[in-house]
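The next block holds one structure in the form of structure tokens; read it before the comments.
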Amino acid sequence: MPEDCPDSVSMDKAKEILGDKFDEGAFNEVAEGGAVTRDQLEDALLIQMPEQAYTSVSQICDVARSSGVTGLLDLGSHPANEGEDLPAGLLYTNQLGYENPDLTGLVITQFRTKCNGIGSIDIALTLTSLKMLDMSECELTEISDGLGSLGALEELNLSENAIKQLPKTIGQLKNLKTLSMFKNTLSTLPDELGECTALEEVNFFNNKLIKLPKTLSALTELTELNVGGNKLKTLPPTDGWKKLETFSCHQNTLIMLPSFAGMTALTFLKMDYNKVLGELPDFGDGMTNLTHLEINHCAYSKLPASIGTMTAVKTVNCQGNQIDTCEADFSNLADLDTFNISSNGKLTSLPEGIGKCANLRVCFFQDTGVMSLPAEMGKFTKIERLMVPKSGLDSGAEEVLTALDSVAVTNGGWVKRL
């Protein structure tokens, strides 16, 4: 890029700088007011060469090197890429095979090799300017210590491989914000992962993790964490996860949990299918941002009072447990849309205050011992789907159901007895 390149680049100036590499269509896609920024021009170079023009991966790399491309080099061969509109600066190849190309001299900031079957991350370790690396579905089984040399990395996707462990050098990635490693074979994580303190999004879904290092508590910038589908029995302290908005720890073997009370930014919590979890964690009374709560198919017996303080909650799924007591008062859950407490055979009454949940649209409590319903429910106007016990309801409940049946039909839904 010329040193005298202006901060705002007009179409004519872009043509002058890029010459025969200029693409008018690509320019117009990113231009505002007839101009692009210097960064847009530098990152993209507005190159959109047709994939059929390439005959080898090496040729693509040569073009990227000679053109000084600093944006995205995509060597992915995933069928999902076919037919997509390619963004400006995307050098793209489809099913050209892997040639172990020479990447020396490339200054790209984004590199994707999805589904190339490369088998080693080492091909990328010379690309020290990388901010994004996607080597998902590349038949990787191990990650070398050289990963730590990619200090500029902000996003790393190594999902859907067969990686058994991460190197300790991952702790050197101080700029890493997104780490995606779902569907691998990890059983442990290095303590050094806790040194990646810029991390905001982490996904370890569907591995073989038996524990998480306590150092993960230091990841105070986390907004999204998925450790579902593993073999975890407990979790590290969560006090530092005050910015966490989405947390999934479902499909594990959790037995005991630390307090969740500090995670007051949570909007989504998924912890279902922990089938031996006999007690829910301390939620505190500050989860006023939570809108979605999945706590079904565990083994706890009480619906804690703290759920009644989750004033923004819209969905509560707690079916398939051993609930016999509802300590939660739903009087303040004005936004509640979906409530499923079915298949709790010892349950004899719905939560106190549910009659004030006038926005309730879906309510399932079949396969329970509930016999009565609050009269206020008969005035609900938004009910669409309601599943109730096949028999045993008292006369008052039957009157409520008669009213709600008409409402549900009007709303395009139904009332079912199961």
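Residue count for region 365-380 satisfying the condition of being under 12 Å from Leu401 (Cβ atoms) and not hydrophobic (A, V, I, L, M, F, W, C): 2.
Scanning region 269-294 for residues that are in contact with an Asp or Glu (Cβ under 6 Å, 6 or more places away or on another chain) and surrounded by fewer than 22 Cβ atoms within 10 Å (Cβ to Cβ) yields Lys270, Glu294. Of the residues making up region 244-260, those that are modelled with pLDDT of 95 or more, assigned to a loop (DSSP other than H, G, I, E, B) and out of contact with any Asp or Glu (no Cβ under 6 Å at 6 or more places or on another chain) are Leu244, Glu245, Cys249, Gln251, Asn252, Thr253, Leu254, Ile255, Leu257, Pro258, Phe260. Take the residues of region 399-418 that are under 15 Å from Ser372 (Cα atoms) and surrounded by 13 or more Cβ atoms within 10 Å (Cβ to Cβ): which is farthest from the chain's Cα centre (by Cα)? The qualifying residue farthest from the chain's Cα centre (by Cα) is Glu399.
Tell me whether region 325-337 contains one or more residues that are modelled with pLDDT of 95 or more, in a loop (DSSP other than H, G, I, E, B), surrounded by fewer than 20 Cβ atoms within 10 Å (Cβ to Cβ) and more than 26 Å from the chain's Cα centre (by Cα). Yes, that holds for at least one residue.
Tally the residues that are in a helix (DSSP H, G or I) and either at pLDDT below 85 or of a type in the set (Asp, Glu) (or both), restricting the search to region 113-151. Explain how you work it out, then say what you get.
Taking region 113-151 and keeping what is in a helix (DSSP H, G or I), we get 121-124, 145-149.
Pick out the ones that are also either at pLDDT below 85 or of a type in the set (Asp, Glu) (or both) and you get 122-123, 145.
The number of residues fulfilling the criteria is 3.
Please go through region 367-381 and give me each residue that is under 37 Å from the mean Cα position of the chain (by Cα), outside any helix (DSSP H, G or I) and either surrounded by 15 or more Cβ atoms within 10 Å (Cβ to Cβ) or outside the structural domain of Cys318 (by TED's automatic domain parsing) (or both), ordered by number. Outline the logic, then answer.
Step one: filter region 367-381 for residues under 37 Å from the mean Cα position of the chain (by Cα), giving 367-370, 377, 380-381.
Subsequent filtering for residues that are outside any helix (DSSP H, G or I) retains 367-370, 380-381.
Hits for region 367-381 are Asp367, Thr368, Val370, Phe380.
Can Pro237 be described as touching a helix residue (DSSP H, G or I) at 6+ places or on another chain (Cβ under 9 Å) and either in a loop (DSSP other than H, G, I, E, B) or under 23 Å from Asp335 (Cα atoms) (or both)? Yes: the conditions hold for Pro237. Here is the figure for region 382-398: residues that are under 20 Å from Gly353 (Cβ atoms), not in a loop (DSSP other than H, G, I, E, B) and not β-branched (Val, Ile, Thr) total 3.
Of the residues Ser372, Ser349, Ser395, which single one is within 24 Å of Cys298 (Cβ to Cβ) and either free of Cβ contacts under 8 Å to residues at least 60 places away in the same chain or in contact with a Lys or Arg (Cβ under 6 Å, 6 or more places away or on another chain) (or both)?
On the way: Ser372 fails: within 24 Å of Cys298 (Cβ to Cβ); Ser395 fails: within 24 Å of Cys298 (Cβ to Cβ).
Criteria check complete, one pass: Ser349.
In this structure, is Thr348 closer than 28 Å to Glu384 by Cβ, part of a loop (DSSP other than H, G, I, E, B) and more than 27 Å from the chain's Cα centre (by Cα)?
Values: closer than 28 Å to Glu384 by Cβ: yes; part of a loop (DSSP other than H, G, I, E, B): yes; more than 27 Å from the chain's Cα centre (by Cα): yes.
The answer is yes for Thr348.
Does Gly355 meet the test of being in contact (Cβ under 8 Å) with a residue 40 or more places away in the chain, of a type outside the set (A, V, I, L, M) and outside any loop (DSSP other than H, G, I, E, B)? No.
What about Lys314, is it over 19 Å from Phe268 (Cβ atoms) and among the charged types (D, E, K, R)?
In short, no.
Determine whether region 89-112 contains at least one residue that is closer than 26 Å to Val63 by Cα, of a type in the set (Gly, Ala, Ser), crowded, with 19+ Cβ neighbours inside 10 Å and at pLDDT below 85. If you could, list the steps in order and put the result at the bottom.
Taking region 89-112 first, the residues closer than 26 Å to Val63 by Cα are 89-112.
Those still in the list that are of a type in the set (Gly, Ala, Ser) too: 89, 97, 105.
Imposing the further condition that a residue be crowded, with 19+ Cβ neighbours inside 10 Å reduces the set to 89.
Now drop any that are not at pLDDT below 85, which leaves 89.
Yes - at least one qualifying residue is present in region 89-112.
Taking the listed residues Glu195, Glu224, the one that is within 14 Å of the chain's Cα centre (by Cα) and not hydrophobic (A, V, I, L, M, F, W, C) is Glu224, with no other qualifying.
Restricting to region 235-266, what's the tally of residues that are surrounded by fewer than 16 Cβ atoms within 10 Å (Cβ to Cβ) and charged (D, E, K, R)? Before the answer, list the steps.
To start, the set of residues in region 235-266 that are surrounded by fewer than 16 Cβ atoms within 10 Å (Cβ to Cβ) comprises 237, 239, 242, 253, 255-256, 258-259.
Add one more test, that the residue is charged (D, E, K, R), and what stays is 239, 242.
So the count comes out to 2.
The values are calculated or read from the model by the stated rules, or taken from the named source; none is laboratory data. Values in this document were obtained by computation on a predicted structure and should not be read as measured data. All Cβ positions, glycine included, derive from the backbone under ideal geometry; neighbour counts span all protein chains shown.
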